[in-house]
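Chemist: Here's a structure for you.
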Amino acid sequence: MSSSENHMTGAEISSFLASRRTTRDFLPTPIPQEILDQILTDALTAPSWSNTRPFKIAVASSEIRERISRDFLGRWENVARQSKRGWIGKLTLLLTRNGLPTSNRLVAKPYHADLKPASMRLGAELFGTLGIARDDRDARDAWWGTNYNFYGAPTELFIFIHKSLGIFAASDAGLMMENLMLSAHAHGLGACAQGAVAIWDDAVRQEFDIPKNYRLLCGIALGYPSEKKDNTFQAHRIPVEELLFKQK
Ligand SMILES: Cc1cc2nc3c(=O)[nH]c(=O)nc-3n(C[C@H](O)[C@H](O)[C@H](O)COP(=O)(O)O)c2cc1C
């Protein structure tokens, strides 16, 4: 079989890739096991460092999904409540530790100035679509909290990477995740990669047997997209010129 047989054309691939968008509201409809199996099989066709596949996935559905979500939501509600109380709230958080990151503190830190404009633009445009005012802290906190219900998705995938390979493990996981999300898209499902869930790995470790050599990278919410306007949002895509370094 020649390499071009049974493949989409270049134009079809380009259009398919451009049509994938992050889903941020899901129907509760469970994902049929055979579709989930196919998507995971497709994820494993991504290239990998020495073919080591330095990642593993904890698949949370049904009761496990509910328990982890409830745990996350409890922590987030406490963080949001205490953050509004100024230094007393911060002190309470430090003393009680309820909601403090147990992994990936980076997620809770402000963006570097190089990256801040893009993230601010995303926030402004997304909140514009959702009708959330810039200074409405309660509404913004409530929206962020929906991350911890996995935007209603019936299944949350927790992506773990092997600590020994450092950035290369994260790179491999990223390639695998993109294959996974594109396959999901081709099967009529939506997905949302979620850095938001990377901060409390202990809640996931309580439910799955995860060796210490693996650290949590992020989550992926997976399921069938709803018709809600949240899913009409189209994040800005930068032109190629912005991708490239200028020559000296
Ligand atoms: C590693 C990673 C983590 C992300 N974390 C979140 C998240 O926590 N919550 C969220 O709503 N979107 C999250 N996103 C989705 C991005 O905001 C989204 O991919 C970006 O705005 C581009 O939009 P698009 O995927 O629709 O092209 C994440 C994406 C990636 C790749």
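Chemist: Taking the radius of gyration and the Kirkwood hydrodynamic radius from Cα positions alone, what is the Rg/Rh ratio for region 182-248, to two decimal places?
Modeler: 1.12
Chemist: How far apart, in nm, are two points set 7 Å out from the Cα along the Cα-to-Cβ line at LEU106 and at LYS228?
Modeler: Taking the two extended label points, one gets 2.9 nm.
Chemist: Over the alpha-carbon set of region 24-65, divide Rg by the Kirkwood Rh and report the Rg/Rh ratio to two decimals.
Modeler: Ratio of gyration radius to Kirkwood radius for region 24-65: 1.06.
Chemist: Taking each pair of different alpha-carbon atoms in region 53-110 once, compute 1/r for the pair, average those values, and report the inverse of that mean as the Kirkwood hydrodynamic radius in Å to one decimal.
Modeler: Computed over region 53-110, the radius equals 13.2 Å.
Chemist: Using the Cα centre of region 94-136 as the reference point, and only Cβ charges (+1 on K/R, -1 on D/E), how large is the resulting charge dipole? Debye, rounded to the nearest 20.
Modeler: 240
Chemist: Among the aspartates and glutamates, which fall within straight-line cross-link reach of LYS246, defined as a Cα-Cα distance under 17 Å, with same-chain neighbours fewer than 8 residues apart omitted?
Modeler: The qualifying aspartates and glutamates are ASP114.
Chemist: Provide the three semi-axes, in whole Å and in decreasing order, of the ellipsoid equivalent to region 1-77 as defined by the square roots of 5 times the Cα gyration tensor eigenvalues.
Modeler: 32, 18, 14
Chemist: Please give the helix 137-146 orientation as an angle from the longest Cα principal axis of the chain, in degrees from 0 to 90, rounded to the nearest 10.
Modeler: With rounding to tens, the tilt is 50 degrees.
Chemist: Residues of region 46-82 with amide nitrogen under 18 Å from the 7 Å Cα-to-Cβ point of LEU175?
Modeler: Only 46-57 pass the distance filter.
Chemist: If you don't mind, another one. How big is the chain in terms of Cα radius of gyration and Dmax, in angstroms?
Modeler: Cα only, the chain: 19.2, 68 Å (Rg, Dmax).
Chemist: Also, I was wondering about something else. What longest region of the chain stays clear of chymotrypsin sites (Phe, Trp or Tyr not before Pro) that DSSP places outside H, G, I, E and B and that have at most 14 other Cβ atoms within 10 Å?
Modeler: Of all site-free stretches, the longest is 112-244.
Chemist: To make sure I understand the rule: partners must be lysines, Cα under 22 Å from the Cα of LYS229, and not fewer than 8 residues away in the same chain. Which ones qualify?
Modeler: none
Chemist: Just to be sure I understand: with springs between alpha-carbon atoms less than 10 Å apart, which residue in ASN149, ASN231, ASN98 has the highest mean-square fluctuation in the Gaussian network model of the chain?
Modeler: Ranking ASN149, ASN231, ASN98 by mean-square fluctuation puts ASN98 first.
Chemist: Any aspartates and glutamates with Cα under 12 Å of the LYS56 Cα? List them, leaving off those in the same chain fewer than 8 positions away.
Modeler: ASP172, ASP209
Chemist: Still on this structure, please answer the following. Size of the dipole of the chain about the Cα centre, Lys and Arg at +1 and Asp and Glu at -1 on the beta carbon, nothing else charged, in debye to 20?
Modeler: 1220
Chemist: To continue, here is another question. GNM, the chain, Cα, under 10 Å: largest mean-square fluctuation among SER50, SER61, SER119?
Modeler: Highest fluctuation among the options: SER50.
Chemist: Report the full-extension gain for the segment LYS248 to ALA11: residue separation times 0.36 nm, less the Cα-Cα distance, to one decimal in nm.
Modeler: Using 0.36 nm per residue and subtracting the Cα-Cα distance, I get 81.9 nm.
Chemist: Another question about this same structure. Given +1 on the Cβ of Lys and Arg, -1 on the Cβ of Asp and Glu, and no further charges, what dipole in debye does region 133-176 carry about its Cα centre, rounded to the nearest 20?
Modeler: Roughly 140 debye, rounded to the nearest 20.
Coordinate-derived values only; no laboratory data. A quick note: this is a predicted structure, and the numbers were derived from the prediction, not measured. Glycine gets a Cβ as well: all are built from the backbone with ideal geometry, and neighbour counts include every protein chain shown.
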